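J.: One structure follows; several queries about it will come next.
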Amino acid sequence: MQRVLFLLFDFLFFIGFLSLFFGETNQKFFRNDAIGLGVFLFLIYFFWNLRKRKYSFLSFFHLLFVILLSNFVFFKLAEYDPIQLLPEKLAIKLTMFFWACVLLYYHTKSSEKEFLTFGSILAVLPCFVTSNFMSYPVVPIGFALALVIRNQESIYENFTWLLLLSTFAFVYWIIKDWYDDFALIRILLLFEVMVFVSFARTWKDSMKQTIVDGLLLVFLINAVILAIKMFLEPNFRISNYREDLFLIPVSLIGSNSFLVLGLAVHSIRSENRFKNLFYFAVLIFASLLLMISVSRISILSVGLLAFIIIWNQRSRSVRKFLSIFAVPVIVVYLIILLYSEKTLFDLGTIGIRFSIWKLHLFSTIANAPLFGLGFNPEKIIPFLDIRYLSLADFRFVQDYIIHFHTFPLAHNLYFQILSSVGIVGLLLFFYFLLIYLFRFAKSHSEYSAKDKLLFFILIVWLVHEFMDFSSLEVANVFFWGMVLVGINKTNKNESNQSKPIKQIFSKTFLVFSLLMLISFSLRFGFVEQSIFKYHKDVQLSTFYEFQPKNTGFVKKIENQNLSLLKNWKIQFLGARYFFLELALAKNTELEPSLLVQCFQTMPRQELCAANLMTYVLKQKNMDNALILSRYLLSAKDPFGIYTRDFL
């Protein structure tokens, strides 16, 4: 009976996943190619191995699921692809085909049990280096983790009281940020990384290294594509400073490159020259992206990490060789930085960072000191009381908003944690961090040089995060999670200190996780498909969420109550869907009703006032309403984001 229930769950779960493929999209032909290619490769592999009777039905079914999950990731990348290296998105299709072959290779080389454990994680690794091209990367990652949970033996041993208590904190944050999709993405991402680390820390070393190798491989593929695209540009110069590189912030490229360099160095083994060549190629391209990013804190972090590695070499000859080899590398870095448009010694952006840090600090202390403002604080902070901010700091932040056309990101992990989860959350972060470091210091002599490297990467990364761009991006958090997995491997006493919880609690956790995955998949999937459904009529906007593309557009209203959107829709789908509907309702009879509903239901009152003022400006003889909307904005928009012509 239990086996039948499991098969029924697998079937329904698979059908639910496929439903995400068949929705509104701007890449219908790519979707067909992704599904067709996945099924075609699977059938060839299936019939090739059918006579061998090596694999069970569950193994083949899981492989099909994994291949289609991988192709779904590339399908989502194709929807937002800004690089366009080859026509008809051929570069993405070739990478998709190659990655499916990688999955088939690991299915052949690994035991059935091992592939059931880590195969789905391999499928979603492309999410972690191309996260800026996906609106909701947590959806495929969540499906991958659900497959890990479904196919792992002795699953209840992985759940500890710490994991269960942490889940209550995530529930609180989810409820607090329910209306904000971007905040929910960060919360769910951290939850997924926590679940992944909880499972992966118990895996065999070979399985962990397989995930690291896959991560480095997909990073290398993405880096090669970026490098080719850059050098094909007629006006490309390596010394040019770019605020973003094909929609990826260069500071994010720099921080990811730093973590990749550390993982690649840690993976090098003396007995495998072929793999070492691969790691060396990763090092070269990660260094190239690091130089192009001109991310000063990332470059300095790499220098600090290299110094620690050299200093800890026991062999004098190896230390001497590495020291001599480091000299020309440093010279090359300095030459590129000296001729770059953004030099290593340019301190202009440091002053802007100090002003943004003050804004985050004072806003949090004055408004939500204990539990913070939520996981998207940069979207809330500009609309709070700023009387405690000096005029100079105000101007710096205002110039940042004008120049970068974005909300003031913290550019610092610790201020970001403070403004997101308050003093309580920051103290808990430091508590667990000190536990890790204390355990390392206590048994420092028991670790090999390679194992110590992981701790050094973590320590240098913590220094790096004083100046980082955004520490809660997909790639950054997952790379950091992989470092923690390696650290857990080296901690020999951890298994004795983490006692499993009772099965009733672990089963409750599993049910909650699956329900949360399904609920947010439905929510994010519906919102994203709605955006694609009307992509010809609305455009994304940083400050307005959505703006109509032309004023002459009138939405067709069929059998819709003109008074309000259904309350359950707003409560389940959140603010982003509401503002999509509001943008679609411009110049219709529905617009004033939705504006009233905006003030009644939406937490972002300043955005409601901005839309009201836009509506009033189009009307005649509404001077009083115009004065009222401007008054509301003056009280809730101190930086003048919604009252300036540049926006």
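J.: Rank these residues by their accessible area, most exposed first, probe 1.4 Å: THR130, THR508, THR601. Intermediate results must be reported in sequence, preceding the final value.
T.: Values: THR130 15, THR508 85, THR601 40 Å².
Greatest to least solvent exposure: THR508, THR601, THR130.
J.: Separate question: Carbon and sulfur together cover what percent of the accessible area of region 345-414 at a 1.4 Å probe radius? Walk me through the intermediate numbers first.
T.: Working: 2180 of 3110 Å².
Ligands and nucleic acids excluded, carbon and sulfur reach 70 percent.
J.: Region 564-613 to region 348-373: how many Å between their Cα centroids?
T.: Cα centroid of region 564-613 versus Cα centroid of region 348-373: 29 Å apart.
J.: Let me ask another. Mind checking the full-extension length gain between ASN26 and LEU515? Use 0.36 nm per residue of separation minus the Cα-Cα distance, one decimal, nm. Can you show the working numbers first?
T.: Numbers: separation 489, 0.36 × 489 = 176.04 nm, distance 2.88 nm.
Answer, rounded to one decimal: 173.2 nm.
J.: Over the Cα atoms of region 64-132, what radius of gyration and what Dmax do you get, in Å?
T.: 12.8, 40
J.: Could you work out how much longer the chain between PHE182 and PHE274 gets when fully extended? Use 0.36 nm per residue separation minus the Cα distance between them, nm to one decimal.
T.: Numbers: separation 92, 0.36 × 92 = 33.12 nm, distance 4.15 nm.
Full extension of this stretch gives 29.0 nm more.
J.: Sticking with this one: Only sites in a loop by DSSP and with at most 13 other Cβ atoms within 10 Å count here; which GluC sites (Glu not before Pro) in region 93-202 make the cut? Numbers along the way, then the final one.
T.: Values: sites: GLU112, GLU114, GLU153, GLU157, GLU192; in loops: GLU153.
Answer by residue number: GLU153.
J.: On the accessible surface of region 1-157, probed at 1.4 Å, how many percent belong to carbon and sulfur atoms? Spell out each step's value before the answer.
T.: Numbers: 4740 of 7120 Å².
That fraction is 67 percent.
J.: Turning to a different aspect of this structure: Compute the orientation-averaged projected area for region 76-197 from the convex hull of its Cα atoms and round it to one decimal in nm². If you can, show how the numbers build up before the last one.
T.: On the way: hull surface 35.4 nm².
If I average the Cα hull's projected area over directions, I get 8.9 nm².
J.: Mind giving me the FRET efficiency for VAL39 and ASN587? R0 is 56 Å, r the Cβ-Cβ distance, nearest 0.05 is fine. Please list the in-between numbers first.
T.: On the way: r = 45 Å, r/R0 = 0.81.
The calculated FRET efficiency here is 0.80.
J.: Multiply the residue separation of PHE11 and ARG387 by 0.36 nm, subtract the distance between their alpha-carbon atoms, and state the gained length in nm to one decimal.
T.: Length difference between fully extended and current span is 129.6 nm.
J.: If you don't mind, there's one more thing I want to ask. Amide H neighbours of ASP244 under 5 Å, at least 5 residues apart or on other chains, H built in the peptide plane: list them.
T.: VAL250
J.: Sticking with this one: How long are the semi-axes of the equivalent ellipsoid of region 164-294, defined as square roots of 5 times the Cα gyration tensor eigenvalues? Whole Å, largest first. Don't skip to the answer; put the middle values down first.
T.: On the way: eigenvalues 198, 123, 19 Å².
Those come to 31, 25, 10 Å.
J.: Whole Å is fine, so just give me how far the alpha carbon centre of region 418-475 lies from that of region 79-141.
T.: With region 418-475 and region 79-141 each reduced to a Cα centre, they are spaced 29 Å.
J.: Tell me the per residue accessible area of region 250-299 using a 1.4 Å probe; a whole number in Å² is fine. Provide the component values of the computation, followed by the final result.
T.: Values: 1770 Å² over 50 residues.
That works out to 35 Å² for each residue.
J.: Another question about this same structure. Compute the distance from the alpha-carbon center of region 157-207 to that of region 3-67, in whole Å.
T.: That distance is 27 Å.
J.: Long-range amide H contacts for VAL538: which residues qualify at under 5 Å (H placed 1.01 Å from N, peptide plane, sequence gap of 5 or more or a different chain)?
T.: Those qualifying (amide H under 5 Å, at least 5 residues apart or on another chain) are LYS549.
J.: Select from region 369-428 those trypsin sites (Lys or Arg not before Pro) which occupy a DSSP coil region and have at most 12 other Cβ atoms within 10 Å, ordered by residue number.
T.: Working: sites: LYS379, ARG387, ARG395; in loops: ARG387.
Sites meeting the loop and neighbour criteria: ARG387.
The values are calculated or read from the model by the stated rules, or taken from the named source; none is laboratory data. Keep in mind the model is a prediction, meaning the values are calculated, not measured. Neighbour counts are summed over all protein chains in view; Cβ atoms, including those assigned to glycine, are modelled from backbone coordinates with ideal geometry. To get the accessible areas, we keep the full protein, side chains included, count just its heavy atoms, and leave off ligands, DNA and RNA. Shrake-Rupley method; radii C 1.70, N 1.55, O 1.52, S 1.80 Å.
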